[in-house]
Each structure stands twice: as C-alpha cells, then as structure tokens.
Amino acid sequence: MKDNDPVLMEDVAEGAPRNLSRRQFLVTSAGVASGALVIGMGIPLTPARAAGTDQMAPGTNVPAFLEIRPDNRVRLLSPFNEGGQGIFTGMAQIVGEELDADPESFIVENAPAGHDYLVVFGKMRITGGSLSTRSSYDTMRRLGALGRQMLLEAAAAQLNVAVDSLTTEPGQVVHTVSGQKIAYGDLAKAALDLPVPDPKSVKLKDPKDFRWIKQPFKRLDVPDKATGKAIYAMDCKVEGMLHAAVQHAPRLGLKPGDIRNLADVQAMKGVHSVHKLDGAVAVVAERFWVAKLGADALQVDWQEPTEAEKAKIRYMPADFSTEAFARHLTEAKGDGTEAESHGNIKTAFDGPGKVISATYHSQYVHHAQLEPASTLARFNADGTLDIWLPNQAPEQFQAQIAKVAGLKPEQVNVNSPLLGGFFGRHFLYPGANPYPQAVALAKAVGRPVKVIWTREQEFLRDPLRPMAAVRFRGALDASGMPVAIEAISATEGPSEALRGHNPKKVDSNAVEGLTGKAYAIPNRRIAQIYVKNPTSLAYWRSVGHSMNDFLYEGFLDEMADAGGKDPYDLRMTLLKGNARLTNLLKAVGDLSGGWKRGPFTAPDGTRRARGVAMASPFGSEAAAIAEVSIDPAGKVVVHDVWEAIDPGSIVNPALVKLQAMSAATLGVSQVLMEEVIYKTGEPEARNYDLYPILPPDRAPRIHVRIVESGAQMGGVGEPPLPAVPAAIGNAVSHLTGKRVRSMPLDKLTLAT
Amino acid sequence: MKKVLTTFIAAIIVVAGALAWYVTRKPASPFDTVAAASAPSADLIAEGKYVARTADCVACHSVPGGQPFAGGLKMGTPLGDIYTTNITPDPKDGIGAYTLADFDRAIRQGVAKDGHRLYPAMPYPSYSKMSDADIRALYAYFMHDVKPQAVANTPSAIPSPMNMRWPIALWNAAFAPSRPYSNVKAHDAEWNRGAYLVQGPGHCGSCHTPRGAAFNEKGMTQNSKLYLSGALLDGWYAPSLRSDPNTGLGRWTEADIYAFLKNGRNGHGVVFGSMLEAYNNSTQFLSDADLHAIAHYLKSLPGDPARDGAPFAYSDATMAQLTPAQRMSVPGAQIFAAKCSFCHKLDGKGQDPWIPPLAGATSSLVPDAASQINVVLNGSGRVMANGMPDSYRMPPYRAQLSDKEVAEVLTFVRKAWGNHGGPVDAKGVAALRARTDPASPQVIVLQMR
Amino acid sequence: MKLKINGHSVEVTSDPDTPLLWVIRDELGMTGTKFGCGLAQCGACSVMLDGKVARSCVTPLSSVGAAEVTTIEAVEADPVGQRVVEKWIAHQVPQCGYCQSGQVVAATALLKENPKPSRDDIAAAMVNLCRCGTYNRISDAMLDLAGLGTAKDGETL
Ligand code: FES
Ligand code: FES
C-alpha cells in the first residue's frame, strides 16, 4: 500500500446529479442579538449552465464551483469540508491564484453532493486521509484557470477585441492596449453562461509567478469563529423543527423492548412523542432540554438480539472487558499474514549478535471532537429530503441516506456545515451516525427534526481506534547494529472492520507505521494476525500510524539501547543515503538546539530527558523530538515538542504549521491520557470526566519547522501526529530507565 | 443502608461461645398461632407496599436491571463477598414457603425459615421495632403483589469456619432488642409516628448512628446521646441527624428536612452517596404526613455543642484567594476554581436548590471527609424525583485528579468560607480510590414490580 | 421569567432548572454558545454573568436572577471583547472553532477583571478544553493582550 493511494473508502459513491432547481433554502437563526441570518447554500444555475454536468470530468464544471458577485466577491463551493484544517483557505488560495482573484475576496462553503465534486484523484470525494490538497491540487488550479479563461472570453465579447489581447489583474480583466479594465463582478453573469473551455486548453501558472500560493495567507474562517458566527450542524435550524434526544442501548446489538414509564414520558410537558429506533429510543420535544431529560428518564427493557441477528451485526457481549481483550490479543498465536518483507527473516536471527523481543500495546481511543454528532432532517412537499449533518464524504452519505429514506440519491440534499472537529469521526460508520434516527423521526412526526447526541450518547456510539498487541523481535550484529526486525500485530484493522475481513489479506490500515519504515534494516517482516473485535472501529487521525509508529519507534530505541547506540545517531546511520530523511532528522535536531538525550537538569531544577522518533505517514515525512520530566505525583510533563515536517511541497506554510501544532497536541493527548476502558460490555467513560483530553496546563510548547524537499506533495493534517507520541515515549523510557510499551502513560506508575 | 458488614464478621468471631441450644433455637413470633389471610384485601396489600417503601427493601434486594426483589446485590466484607437474597414469593428460590410467623422472624429477629441467622447487614435490629400491623401488611404485599422469580441465591464467598452463622444469635441477644416500638407518652402522635419511622422501618440509625466494637449501633433511640449522631459506613460519612448546627440538622428547619426527603434537595444540600439511594427508592414515596412526622421527630433530638464545635459562620475572606492572581499560589484553590467553581460557584454557595453549597455544608464541617473524598473521586448517581432525572449531576474526578490533588482541593474547600472540617490527606484518598468505583451517569431505577 | 441578556430584557418560559445554555440556544435562538459536554468539563458553553465567566450548561435558569448575561454574540460590543477578537484573529487562534466562543468569552472575562494579567493569571483563567490543540496560540494571544509580548520569536502564526 502506498500512502498516496486513496485508502479510506473503496466503495466510492458516485454522487447523484444535482437537483439544481431546489438548491435554495434558508437556515434561519433568529436570535436576540444575532438577528436573522440567512445562509444560502448551493448555487442556483441557469439551465444553460447546468447542462452537461454529468458528462464533464469532476472539477471542471466551473459554474458548479464558482459564483462571482457584482461586488467582486467570489463564492467557492469547496469539495472538501472545513473542520479546522484550513482547507477552505487553501482552496481559495489555489483557485484564486489561477483565477487571478484575491483569496481574501472568497466566501467558501462546502459543496453539496454531486458528481462535479469528485475531485480526489478525479474519482471520489472525502475530506480525510490528508488527501484534500495533494489529491486535487492540479484539478483545482485548473478550475481557477478555466474560470479565468471564461472571464477573458466574456470580456473579449463585450469589448469586441481578441481574447489574446486581454490579460488579468487580481479581480479584473485588462485590455493591455487601451488600458480598459472590467471587474470580474461585471463579467460574471455572461462569463458563467459560456461553455466551459476544454480543460487542456488552459495553461497553469509557472510557480515562480505565484502571488498567493506558498504565502502564509490568513484563514478566511477565523473571524467568524472568533465571534461565534460560524455555523455547525448542531446550530442548524429550520422552521417548524422539533428536537430529539436519544437513549442508546448500553451495549451494541441490544434492542429496545418494553418502556416501563412510556406514558409518564409521553405526558411530560413539551414532549411531542417517544419512538423506538434501531438500538435506541428517542424522545421528540419542542425543546432539546425537555427531550434530553425525557430520554434520560426512559426505563427501557433492553433485549438481547437473537443468535441469527448477532451474526449480522457487531454484538457487544455483556462480559467484554478491555483488560481481558488485551490479554487475548497478547496470546494470539501464529506468524500472521505477511504485510511487508525484506531479506530473509528466517536466518536473520541466527547471527552471533543479540536478539531482543518485546510486546507492545495500543489502546482504544475516542475521537472526542468537541462537537457531538447531530443531524437535522426535513422532508419537503415534493418528496425530497434536506439533511444537515457533519460529514467527511457527502456523496457516500447521500447514497446511504437515500436508502434509509427510501428515496433516490438525487432526492437527498446533503448539507455539510462546518465540522466542530472530526479526526475521522464523520465517515460512514454503521450505528455511529445519527442520520438514520433523524430521517426516521422526521418521517414519523411529519415535521423537521434535529437529533443531538449528548456527550454521553456520543461516547456510547463513537467508533474507536483499534486495540492491538504487537510482538517485536529484533536482532543485532556483533557491532550492535540492527540486522533484523519482525513485528506481528494482533488486531482488527478499521478497514476490515467496516468492509469485511479477507483472510488472505492484511488490512493495510492496521499495520501502517509498522510497514513503510525507511530504516535500512536488511531483514524485516511485518505481519498481522486478525483478531475479531466486538467494538465498532474507526479511522482516527493518522489511522494505523497513530499507534504503530509509537510501537515501532519504541522498539527501535530498545534495539539502540541493546546495541549501545544513541537513538538519534542510530537513526542517522540507518538512513544513510536517504537525503530527504537525513536532512529532516538533522532539521529537527537543529530546531531543538542540537540533539541531546540527557537526562539533564533543567534551569528550573527538574530532571529531564529527550526522545526522538520519525514517521512516514500519508505521503509526508516527519521527525520529532520531545523533552519530558516526571512531576512529583509521577505524571509525565511534556515541556517541548520540536517537529520537522516535509510534505514535499506546500500551499500555505501557516496552515501547515497550524496542522502540525494541532496534530502534535492530539498526539500528546493520546499518549499521556487517553484510553477507552470497557468493563462489563459498556464503556466506563461517557463524558470528558472519565475520558479526559489534554487540558491547557499539560500542553507543551510546539515548535515546527517545515522542510520542502520538493518531493511529490504529501498530506499535512495527519502526518505530524505519529512521531510525537513515540518521541515522548522514548524520552520517558530513557528518563525513568524503564521501557514504556503501552499508552496512556498516565496509567503507569513512573518515577525517575 | 448497604454493606454494613465491613467489620462485623471479624467482631462476631470474637464473641463465639457455646450454648448450642440457645444459638440454634428458633425464637417465637406473635404470629406463631395466627394464620395469614389467604386473600388479603387490596388495601392491606397497598399498605404493605407502602411499608416496603418505608423500609426500603428494594434497595438491597434488587440489582439494577435485575428482577424486582430477586436479590443478588453484592456486599463486600473483609472476609469475602455476600449477596442479598431473593425475597420474592418463589417457593424454591424465594420466600414463597414462609408463613407469616417465618416472615416475621426473618424481618424482626433475623432468623430464616430454616433457622439460620441472617447477617445483620439485614437491619433487623431496627425492623424489630416495626408494628405487628406493618409486618402483617408487608407479608401480604410480598406474598400477593410481588412476582415470584426463580432466581437462585448466590452463596456467600466467606470461607469456613468464618461462615458460621450461630454466633450471630449471641450478638443478637446483646444488641438487637426485638421489641416493637411503643409510644412515648410525653410526646404527641406526630412525634411518635416520626420516631417509629426513623427507628423502625426507616432504619436511619444503620447509617447515621456510630457503631461499637461489635459493630452494634451505639443507641437505638433518642435516649442515647449518640443515637443518629453521625457515622462512617462503607466509604460514606452519614452526618448527624440531631440538632448539631455544623455536623447535623441544627441549621435546618422542619420544612427543610421535609423538602430534603420529599424533593431530594433544599438550600442546604442535595442527596448524594448512600442517601441518594435512600431518596430515590424510599423517602420520596412517603406521605407528606409521614415526612413531616420524621422532620418533627428529628428536630427534637438535641445537638451536642461539645462535639459540634463553634457554629459555622460564612466568611468571604476566601474570595481574595480565588482571584486568578492568587489561586495558583494557594494549594487546591486553582483546582477548585477550574473543576468545582462552575457548579458550586466561587463563593461556595452553590446554586440553590439545584446544585448544593460547599460553604457551610455538613460534609465540609464533619471531621471525617470520606463523603467528600468519595463524591469527588466517583461523582454521584442521578437523583430521580417523581420519575424524572435531575438536570445536573456531580461528575467523577478520579481520572483527572491525583490523590494529592483531591486532598488539596478538599483541604481548601474544608477551610474556605468559614468551613472548619479539617484537612484531608492523600493516603485517605488513595485508600478510598482503591475500593470504590465511579457512580453511573445513567439513571438507575429499581423496580418494585 | 425575565432574563437580561446582551443588553436586552426578554421573557423566557423554560423551566427553572433548564440550563441557561439551552435557553440561549433553543429558546432565544442564539447558537454562538456551544454545547460540548453539558457537564462543566469543556467550557464551550462559557458566557458572562455580570462580567464573570460562567459555564451555561451548569447554570440553571433560576440562578441567573437579575444578572446580566453576555454571550459571544455581544462580545464585540464590549471594547475589551473587541480587542480579544482582534488578537484572536491576529494570532489565528481558532481551528475547528467549536471551542472558540468559550475561549473568547473566558479571555474577555479575565481581561475585564484584570487588564494586565500575569502569566499565572492567564494560566489560572484559561482552562477551557480545545481538541484541536490551539493552546499555544491562545497563550500567545493572551500574552499579547496582557502586554507581555509573545512567547518566542517565530512561533506564532
Ligand atoms: S458544555 Fe458546558 S462545559 Fe462543556
Ligand atoms: S478549535 Fe477545535 S476544539 Fe478548539
């Protein structure tokens, strides 16, 4: 598997042709202070503009993406959703560059579902896999260039001059000879009615002429987010809407039986109705709080599924505990199915040098995005369905929602408001998205319904990053250099959990980060033993890398220690000849003021050590160094994280830096404190109280250096994460003299 | 009242003596010669159901999600776990074969039908004060309104010879009076009704009265100054129910007590810990007259100034320590501000009546901090009033605060705003952490049918 | 019940135990104040009560009384709030933005109480969670607002 491949979803929904006449609707927010806020979504197109949509290659139908207003503002419908990663700004920069329009004049919104927007490698659409920019960079530039060409043609017609006598300046077409200028806003109506030129006919800019790409351009979404004006799915509302809250079955697979106090809840003031759903009971009310209290109050007799039903679903047994499951994974027998192999692993361990082995563990973690899941559904008189929900893949949701609603995909208008964080949470996961509930309820009550999952209900259904136990073996030669490494991961990967396990195949997402390492260890073998997992599983920021690089880089440090090598030097040696990675490793060393492992005493008197780690996720390269100490209560303090990241080439250094800081912080959070614990078939934590996430007083200072090697463009949102937990783990191991082989570190009893 | 056995078993072993005749004999019951009605009136059954509420049978004899009264609640003891029994009228697994006299002996004397002695986790020393009429009604209820459940009892995990039951008879002879309540002439009917409910079916003393070396309650009536004067049990400190202004009900009016038992809350506090269970399953179902009677009786119990100390007076001097500029340097103050103050408010006054005050709260003034430690580590369950869950709940902080931090924040709280409960040390926190679990955030309703 | 909010006085009909958060979001239709946990854990629901930060998810309507409620929607009407917003933009603080209404309100409340907070004051007051990891930029913006300069050169955006 190559990280440049679109790995996340193989079943690509094609996207229905857009129902253009029905795209205009209102989201009202009539508040005391805000007044009426009207957001139009979608772009109304004239029939001429809409014609031919289905025949055009994704990313070329300019009118489906761009609206240029009389005031010269450019409205761009982005194929990627904004959830904090800055993609709206990046898209404005890319399109604006070739359109020759200041990205600052852009208003960006997420595009509806539709064939035109399948721009990920020209065939699919997800916001995930750190794919957005790298998979669509050329396409979106070309889109801007096509738009510019149409404006030029419209101007030529208006001025009655030859197209090639015209050029552009930001926001306007210029007739060089006469000096005449026409603003884009005055040309847009005519321009966007023209046929879109052949995509091959436009020439893209020479990067040396870039005006905006590569600049640390400020984010377009920040002002609204700093003033509470940004609208998330949770905030959407429509006229006549009812609210719903649910009580989920405490375990996956249980079904609602009798509701003992049904009449009492139905009689609550403000309650509209109570509904049994799949694995849940919902209370619909005029206001959310009433619905929430009602849902909490329901005394539901939860029923076990039949054996036949159990076979078809992920069933959570009543005695499932993570502690026992960790043992079960550790005890998994066999050599597993091979994912990667070099040299000869059979003989590599026969040499005269040391052989070491260890078992490492990764834990279940929550996405814990700050906005819990919600969905608003409205059936219209013409049989169509408008739906607002957080999602990372509108066409895939559209296809599934249509099935649930009994409609054709083109009858479902998917609206994708801003995401209050996602980290992999908002893909299609069975049982983990509220849209089936919202659709069923809206249908049942004949009014629009918004379902909000409280944090407790969210944590009960959030699909998890998998647990794994990884058995490592390593062999050193007489000089202490690693000559062989084997890693066998006992786990179920997220992709096989979602799409079915193929006994002949490894789930590449389960082993990435064990595979794909760049170190020149001559003999290596990476394998997976499939172990079925009863929880639902998911992609979590940087997926397999988020855990596997921690495990691999930890064991590599063990090999360094066993061979008497400094871990930084060892990595340098193992990367000899790899200019890109030695350069990167050197960059992070320099950024940290020169590699020093410690332990040493800091000016404030604390004993500290540093650890280093690297990762090659999602087409990019990362190297991190972390400095830690242990506080008097035995808790790890991460003081600083230095990270060098090489995504090949970049669009906006400010966005790359933001993403690196964000990913690194999430890495710190998961390695220090995060773990989903099951005891009796139920997750113990239902809120941030028992599932704490990194609070500000434990956040380290993060220092980022971007290295542009010029290699093929890689991802940015996820790649900075995996090296960070590993660097912290290695620092802690060195400081305490006790090898850390599992997360979270807060669970361990540590002392220096 | 759950899990009272913590030190009891160890105590009774010491009390071992002979007299096999005495310790195995079945005591007499006034019902020995009386037959129960085979078809009791609906009124009698309804009355019995009410008595079951006053005695809170369901709290111990049911488990969440289990069948009503089928038993199975685990009670940990140092000698091993024991489990409450099936008290449904199932002839094999339950008490279906019990005559009225057998039933009476179990409830008021702690002797099962086959003659074995019940562990006094069953509060029969209190129930022994119940009236014949209540027993008769209760029997009618259990035999005719509770559904038989074929749920086998779980044997106790106490190993032999510590599992011998006969020494309990000796303990009973010493500590369990076994005499029904009789009215105290000097007091009016309301007072006597309150006294009956508190001492008898309500078995308030099981938690609120301190216990002696043999785990006996040091006082079963108002005649003892120690009766209901506050006690530590099973990780919770049940405060004084006497008129002690700091550690008891001295600052509460009868109306306050009534509101607490009826609504689970008043301006002084909200039910938590074991009292939350007593409220959810028992007190809220009592009649207004009975609740007023309880309040009336409790208010008649004098406090003990020598034990209680100088009465609490609110002081706002603490506020200076809670400004952002100060709180990083006062141990516990920042934790209080960041984790506690949003609900209990910076001034410690809470949000009457939904979120309890910490300033002047009994739990902030009693010398034993177990309840506060417990509630900080584990949070509190959902208060259920009238079938509706509370809008607010106390979250558990065991995953966020170290033993030292819990100790610091509680030490801060216990001397803030005029509180004088005394400091908390990290060891006490560690000990409670090790043997407790977080409260469920889900609503738990124990069904009676 | 009367509620004084953002300079208006409005009549609200929610039950007295309803969290102020849902009165604001549902009954009054202002969605800038966010729901993250409902349990005083995250701070996304922060508002000001008489200028002091409060978590509206654990503020029963009945305990608001005569206090003046200020939500994010009115933060810019306050000169202190306006400065906070400016610096939030200058330092490019938000990512997904979901926690940021609460962060801005908490920052404004602190600066209204103490226009020149120290590093400790900032650490003491800025305790809201952010899943996107904007903590470094929050402290940079706060140090800037407090006139303490930014952390280290080249580390803000
Ligand atoms: S929603 Fe109020 S603190 Fe999280
Ligand atoms: S910006 Fe996303 S949670 Fe803070």
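Quick notes on this one:
- Of all the listed residues (C:V80, C:V85, C:V69, C:V53), the sole one being within 15 Å of A:V222 (Cα to Cα), in contact with a Ser or Thr (Cβ under 9 Å, 6 or more places away or on another chain) and of a type in the set (A, V, I, L, M) is C:V85.
- Condition broken by C:L129, with the remaining ones in (1) open to solvent by 10 Å² or more (accessible area, probe 1.4 Å); (2) more than 13 Å from ligand 2 (Cβ to nearest atom); (3) outside the structural domain of C:H8 (by TED's automatic domain parsing) satisfied: (2)
- Only one entry of A:V668, A:V676, A:V651, A:V656 meets the criterion of being touching a residue at least 40 places away in the same chain (Cβ under 8 Å), among the β-branched types (V, I, T) and within 16 Å of ligand 2 (Cβ to nearest atom), and that entry is A:V668.
- Any hit, region B:396-418, residues being within 14 Å of chain A (Cβ to nearest Cβ) and under 22 Å from the mean Cα position of the chain (by Cα): yes
- The residue list A:N502, A:N509, A:N523 contains one member that is in the same structural domain as A:R741 (by TED's automatic domain parsing) and in contact with a Leu (Cβ under 9 Å, 6 or more places away or on another chain), which is A:N509.
- Filtered residues of region A:80-104 (kept if away from chain C (no Cβ under 11 Å) and in contact with a strand residue (DSSP E or B) (Cβ under 8 Å, 6 or more places away or on another chain)): A:F80, A:I87, A:F88, A:M91, A:A92, A:V95, A:G96, A:L99, A:D100, A:A101
- Total residues in region A:341-378, condition at pLDDT below 95 and within 16 Å of ligand 1 (Cβ to nearest atom): 0
- Residue count for region C:21-47 satisfying the condition of being charged (D, E, K, R) and near ligand 1 (Cβ under 10 Å from one of its atoms): 1.
- C:C45 being more than 9 Å from chain A (Cβ to nearest Cβ), hydrophobic (A, V, I, L, M, F, W, C) and within 16 Å of ligand 2 (Cβ to nearest atom): yes
- Of all the criteria given as (1) out of contact with any His (no Cβ under 9 Å at 6 or more places or on another chain); (2) buried (at least 23 other Cβ atoms within 10 Å of the Cβ); (3) farther than 25 Å from A:L690 by Cα, the one not satisfied by B:A361 is (1).
- Helices (runs of 4 or more DSSP H) contained entirely in region A:220-307, each with at least 1 residues that are within 25 Å of A:L460 (Cα to Cα), away from chain C (no Cβ under 14 Å) and modelled with pLDDT of 95 or more: A:262-266
- Of residues in region C:59-70 being over 17 Å from the mean Cα position of the chain (by Cα) and open to solvent by less than 10 Å² (accessible area, probe 1.4 Å), the one nearest to B:K349 (Cα to Cα): C:P60
- Qualifying positions in region C:13-29 - more than 9 Å from chain A (Cβ to nearest Cβ), in a helix (DSSP H, G or I) and touching an Asp or Glu at 6+ places or on another chain (Cβ under 9 Å): none
- The strands (runs of 3 or more DSSP E) found wholly in region A:585-651 and carrying at least 1 residues that are of a type in the set (S, T, Y) occupy A:621-630.
- Filtered residues of region B:113-144 (kept if open to solvent by less than 20 Å² (accessible area, probe 1.4 Å), among the aliphatic types (A, V, I, L, M) and more than 23 Å from the chain's Cα centre (by Cα)): B:A137, B:A140
- Selection status of C:K112, part of a helix (DSSP H, G or I) and surrounded by fewer than 24 Cβ atoms within 10 Å (Cβ to Cβ): yes
- Residue within region B:396-408 that is closer than 25 Å to B:A259 by Cα and at pLDDT 95 or above present: no
- C:E11 vs. criteria away from ligand 2 (no atom under 16 Å from the Cβ), farther than 27 Å from A:P417 by Cβ and surrounded by fewer than 20 Cβ atoms within 10 Å (Cβ to Cβ): yes
- Of all residues in region A:66-109, those being within 16 Å of ligand 2 (Cβ to nearest atom) and hydroxyl-bearing (S, T, Y) number 1.
- The lone exception for C:G149 - which of (1) in a loop (DSSP other than H, G, I, E, B); (2) within 16 Å of the chain's Cα centre (by Cα); (3) away from ligand 2 (no atom under 16 Å from the Cβ) it fails: (2)
- Checking B:P353 against (1) within 14 Å of another protein chain (Cβ to nearest Cβ); (2) surrounded by fewer than 22 Cβ atoms within 10 Å (Cβ to Cβ); (3) without any contact (Cβ under 8 Å) to a residue 60 or more places away in the chain; (4) not aromatic (F, W, Y), the condition it does not meet: (3)
- Residue match in region C:94-113 (condition: of a type outside the set (G, A, S), at the interface with another protein chain (Cβ under 9 Å from one of its Cβ atoms) and away from ligand 2 (no atom under 16 Å from the Cβ)): yes
- Single unsatisfied condition, C:T71 versus (1) within 9 Å of chain A (Cβ to nearest Cβ); (2) farther than 16 Å from C:M48 by Cβ; (3) touching a residue at least 40 places away in the same chain (Cβ under 8 Å): (2)
- Residue satisfying all of: in region C:48-58; outside any strand (DSSP E or B) and either facing another protein chain (nearest Cβ under 7 Å) or away from ligand 1 (no atom under 15 Å from the Cβ) (or both); most open to solvent (accessible area, probe 1.4 Å) among these: C:D50
- Matching option when the condition is open to solvent by 10 Å² or more (accessible area, probe 1.4 Å), out of contact with any Pro (no Cβ under 8 Å at 6 or more places or on another chain), without any contact (Cβ under 8 Å) to a residue 60 or more places away in the chain and among the basic types (K, R), among A:K517, A:K576, A:K504: A:K576
- Helices (runs of 4 or more DSSP H) fully within region B:271-341 counting 3 or more residues that are open to solvent by less than 60 Å² (accessible area, probe 1.4 Å): B:274-281, B:288-299, B:324-327
- If you go through region C:117-144 and keep only what is farther than 14 Å from B:A325 by Cα and touching a residue at least 60 places away in the same chain (Cβ under 8 Å), you end up with C:V127, C:N128, C:L129.
- Among the residues of region C:76-91, those identified as open to solvent by 10 Å² or more (accessible area, probe 1.4 Å) and either at the interface with chain A (Cβ under 7 Å from one of its Cβ atoms) or aromatic (F, W, Y) (or both) are C:E76, C:I89.
The values are calculated or read from the model by the stated rules, or taken from the named source; none is laboratory data. Nothing here was measured: the structure is a model prediction, and the numbers come from that model. Here Cβ is always computed from backbone atoms with ideal geometry, including for glycine, and neighbour counts include all displayed protein chains. The protein model used for the area step is the full one, side chains on, heavy atoms only, and it has no ligands, DNA or RNA in it. Shrake-Rupley method; radii C 1.70, N 1.55, O 1.52, S 1.80 Å.
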